[in-house]
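Pasting in a structure now, in structure tokens, and then I'll have a few things to ask.
All of the numbers you see were taken from the coordinates with simple rules; none came from a lab. Everything quoted here is computed from the prediction, not taken from an experiment. FYI the Cβ positions are ideal-geometry reconstructions off the backbone, even for glycines, and counts take in every protein chain you see.
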Amino acid sequence: MSVVTVTMNPAIDIAAGIPQLRQTEKMRCDTPRFDPGGGGINVARTVLALGGEPTAVFPSGGHSGRLLEQLVADAGVSTHPVQVTGWTRESFSITERSTDRQYRFVLPGAALTAEEQDRCLDAVAKALATTGARFLVASGSLPPGVSPAFYQRLVERAALLRVPVAVDTSGEALRHLQGPIEVLKPSVRELSECAGRPLRTHDDQIAAARELIAAGVARIVVVSLGADGALLVTADLGRWFPPITQPVVSGIGAGDAMMGGLVVALARGWDLGDTVRLGIAAASAALAVPGTGPGRPEHIAELYRRLTEDTAESTPAPAWSAD
């Protein structure tokens, strides 16, 4: 089951810990962990953990870009890098061991020229055609120089190839989407910013999601509520799904893991309820691993079973395997 992901603003994610943050002092960190990062790359790693066959398309530049390519390949994900002039960015997170607080530092990506953006679009179209992808996932922020309409251009390219698209983005990129998108996954904060008003209740959030559906932007909207679970919204359905309690090692990439679970379930023809449950299970399992690593397959399966044990019509998921 092939899935192509697009990450226009990838990063090398560096994670380390220190005993305590101290102003101006030299603080000795633990041995760092290096992960390939960026929305689509994180999604691809979860798709792989769930037995899918992901291909990651991303711009890559400089020595850091070559390291990113190696990290993605080492993770077992098929890579389709697009060489660009600017260097691939790095981001880093520090966990203060005395408090378990995590501090995240996100650097800006390198600007992409119009020609580099066009080559990224061409690379995506080629990957979709050669892999026979069942889904295209566009996830993450856009780097400097990239029009907020870029993801809409991507959606239109995929529509010509009859490949359904899942999108997870924010800000102007979210507001410029016109569809047709199969599944859109904003956080409640991103949805509120897009709607231009506070969304304090589930009813408010469902109404805002339905505005996007009525406008033809997306067929399905899954609103990530963080520790409060998720909302599934379609034209005729609005349903809240509770979270699952899980110790948090790192909160980075959990939303991307949710998207990975959603697209795997949809590509396999699961019903919408089980699709959201798998997304929540994948996100919750990702919280239990350091850095931006995906959840362990057996842990995702265990959490999915816990979420569905009282739902007789749920899809059994004893193990994950490629179709």
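I need to check one value: relative contact order of segment 106-245, counting alpha carbon pairs closer than 8 Å and at least 6 residues apart, in percent. Don't jump to the answer; show the numbers that get you there.
Details: 225 pairs, mean separation 23.6, N = 140.
Relative contact order for segment 106-245 comes out at 17 percent.
Can you list the residues, at least 5 places off or on another chain, whose amide H is less than 5 Å from the amide H of A218, using H built in the peptide plane?
Under 5 Å from the amide H of A218 lie the amide H atoms of I181, I213, each far enough along the sequence or on another chain.
Once fully extended, how much extra length lies between Q20 and E298, figured as 0.36 nm per residue of separation less the alpha-carbon to alpha-carbon distance?
Working: separation 278, 0.36 × 278 = 100.08 nm, distance 3.37 nm.
Stretched out fully, the Q20 to E298 stretch lengthens by 96.7 nm.
Taking 0.36 nm per residue of sequence separation and subtracting the Cα-Cα distance, how much length would be gained by fully extending the chain between Q83 and R66, in nm to one decimal? Write out the running numbers ahead of the final one.
Details: separation 17, 0.36 × 17 = 6.12 nm, distance 0.96 nm.
Extra length from Q83 to R66 when fully extended: 5.2 nm.
Roughly what % of DSSP beta bridges within the chain run antiparallel, to the nearest 5?
Details: 20 of 53 bridges.
Given both bridge residues lie in the chain, the antiparallel proportion sits at roughly 40 percent.
Sticking with this one: Would you kindly derive the ³J(HN,Hα) couplings of segment 63-70 from the backbone phi angles with the Karplus curve 6.51 cos²θ - 1.76 cosθ + 1.60 (θ = phi - 60°), listing them in order in whole Hz, with x for Gly and Pro?
The phi angles translate into 5, 5, x, 5, 5, 4, 4, 5 Hz.
Further, regarding this structure: Give the peptides 169-180, 196-207 in descending order of average Cβ contacts within 10 Å, highest first. Show your work: numbers first, answer last.
Details: 169-180: 17.4, 196-207: 14.0.
Output ranking for 169-180, 196-207: 169-180, 196-207.
Ranking L225, L107, L48 by Cβ neighbours within 10 Å, fewest first, what do you get? Please list the in-between numbers first.
Values: L225 18, L107 11, L48 23.
Ranked by crowding around the Cβ, least crowded first: L107, L225, L48.
Quick check: from the Cα gyration tensor, does the chain come out rounded (a/c under 1.5), prolate or oblate? Numbers along the way, then the final one.
Working: a/c = 1.36, a/b = 1.10, b/c = 1.24.
Cα axes put the chain in the rounded bin.
Another one. Starting with the highest mean, order 295-303, 131-139 by the number of other Cβ atoms within 10 Å, averaged over the residues of each peptide. Display every interim value, and only then the final one.
Values: 295-303: 19.4, 131-139: 23.9.
Going from most to least packed, we get 131-139, 295-303.
With θ taken as phi - 60° and the coefficients 6.51, -1.76 and 1.60, list the Karplus ³J(HN,Hα) couplings across segment 230-241 in order, rounded to whole Hz; mark glycine and proline as x.
3J(HN,Hα) across segment 230-241, in whole Hz: 8, 10, 9, 10, 10, 4, 10, 9, x, 9, 8, 10.
Next question. So what is the relative contact order for the chain, in percent, with contacts set as C-alpha pairs under 8 Å and at least six apart?
On the way: 729 pairs, mean separation 54.8, N = 323.
That works out to 17 percent.
How would you rank S284, S250, S147, going from fewest to most other Cβ atoms within 10 Å of each one's own Cβ?
Numbers: S284 26, S250 22, S147 14.
Sorted ascending by nearby Cβ count, the order is S147, S250, S284.
Let me ask something else. Counting only other residues whose beta carbon sits under 15 Å from that of G37, what net charge do I get with K and R as +1, D and E as -1?
-3
For the residues Y304, Y103, what sequence is obtained by ranking on other C-beta atoms within 10 Å, fewest first?
Numbers: Y304 29, Y103 11.
Placing the least packed residue first, the sequence is Y103, Y304.
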